[in-house]
Amino acid sequence: MSEIREQTIVVKWSGKEYQINDLTDQDTVAVLRHEIFKRTSVRPERQKLLNLKYKGKPAEDGLKLGNLELKPNFKLMMVGSTEADIEDACQKPDDIGEIIDDLEDNDNEEESLENSAIYLAKIQKRIKDYSINELNPPRPGKHLLVLDIDYTLFDHRSSAESGSELMRPYLHEFLTCAYEHYDIVIWSATGMRWIEEKMKLLGISNHPAYKIMFYLDSHAMISVHTPDRGVIDVKPLGVIWGLYPQYSAANTIMFDDIRRNFLMNPRSGLRIRPFRQAHLNRSTDKELLKLSKYLTDIATSCKDFSKLNHRKWEHYDSRK
C-alpha cells in the first residue's frame, strides 16, 4: 500500500481564508466538503468549488484528493450561502442525524472503518496534535469509561429553571459508583467551552465523590466516509489509547446515545437510551441506575471487554 500523505487546502470564501489541514490524499472530495462545512457552515450541497477540476471537469465527490495532484496549500475558490442566509423553508431538520442513526447497523461497514489505513492515519494525527488538559491523573489498574453529554447525561433541548431539572436521574450516584472501578472521560461533539460550562452546571466538575480525568471536544473527532451515511464525524477511542497506553479495547467502554459516534470502535460502544423530555421522564428513567450494576459486574468479572456484546448488556450474567 502506498504511503498516506497529509493534504492541506486553503479555502477562499466570502473574503476570508480557511486553512484545512485535517486531510489526506486518500480522502475524497466529499470529505473535503464536510471539512469546509465544519469551518464555514456552508452545507456541502450548497458549495460550488470553482477551481477544483479533474481532467477539465468539476471534481466529483467520490474522487480522491490524491488524484487531483494539488500543490501544497492549494487555494480553493468557493461560493455558497449558509443556512442563516437562506429562507427557513430550505433548512434541514436539526435532528436529521438522529433519524439516520436509527437505521440497521452494517457490521461489515464497522469492521472496514475500524481497520481503514486512512482513518488510522487520522487518529495518529490527532494523537500528535490534540492537546489534552488533564484534570486528574489516571489511576493504576482502573478501567476506562468514556461518556457523551447530550441526551446521555442530561436533556439539553428542554427548557427548565435550573440544570438539575434537566439532569438525568441518578447521575451523581452513577458516576460515584463507576469511579470505584473506572477512570472517567467526558467526550462531547461540541466545543470545550460548552463542555466546561455544562459540567459546572450539573455539578460534575467539582463533585467530592468522584473525579473526571479530562474532557474531549469535537476537535478530537475525525471525519469518515461511509456508503450508507455519507461523511460523518466519529469519536475514535484510539486517540485516548494512543496517549494513554494503559487503556485499550480490553478495558474501555463508551456510552453514547448515537451509535455512529463509536463506528471506529463498535465493540467498545454501548448505545444508551436517550434522555429526552426531562419534565415527563424524570420520575421513570432508571437507565443510569441499571448501567451502574452492569459496569460493576463487568469490571469485577470480565478480563477482556472486547469479548462482550454490549447490545445485550441488560441480560449480562457475571456467573457465565
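In a reduced charge model with +1 at each Lys and Arg Cβ and -1 at each Asp and Glu Cβ, the stretch 112-215 shows a dipole moment near 420 debye about its Cα centre. For residue 142, the lysines whose Cα falls under 19 Å of its own Cα, not counting residues fewer than eight places away in the same chain, are 211, 293, 303, 307. The residues of the stretch 162-320 expose on average 45 square angstrom of accessible surface per residue, using a 1.4 Å probe on protein heavy atoms. Taking the accessible area of the chain, probe 1.4 Å, and keeping the other protein chains in place, the carbon and sulfur fraction comes to 48%. Neighbours of residue 169 by Cβ distance under 12 Å: Lys/Arg scored +1, Asp/Glu scored -1, total -1.
Ranking 313, 191, 302 by Cα position along the charge dipole of the stretch 178-320, where only Lys, Arg, Asp and Glu carry charges on their C-beta atoms, puts 313 farthest toward the positive end. Taking a straight Cα-Cα cut-off under 19 Å and skipping sequence neighbours fewer than 8 places away in the same chain, the lysines within cross-link reach of residue 55 are 64, 71, 75.
About its Cα centre, the chain has a charge dipole of approximately 660 debye under the convention of +1 per Lys or Arg Cβ and -1 per Asp or Glu Cβ, with nothing else charged. When shorter helices are ignored and each DSSP H run of at least 4 residues is given -39500 (n - 2.57), the per-residue value for the chain at 222 nm works out to -7500 deg cm²/dmol. Mind sorting out which of [x] -0.26, -0.34, -0.94, -1.28; [y] -0.31, -0.41, -1.03, -1.30; [z] -0.42, -0.52, -0.98, -1.15 is the real log10 I(q)/I(0) by the Debye sum over Cα atoms at q = 0.07, 0.08, 0.13, 0.15 Å⁻¹ computed from the coordinates? Entry [y]. Centre-to-centre, using Cα atoms only, the stretch 173-240 and the stretch 287-320 are separated by 21 Å.
The values are calculated or read from the model by the stated rules, or taken from the named source; none is laboratory data. Quick caveat: nothing in here was measured; it's all calculated off a predicted structure. As a convention, Cβ positions derive from the backbone with ideal geometry for all residues, glycine included, and neighbour counts pool all protein chains shown. Protein only, heavy atoms only, side chains kept; ligands, DNA and RNA dropped before computing areas. Shrake-Rupley method; radii C 1.70, N 1.55, O 1.52, S 1.80 Å.
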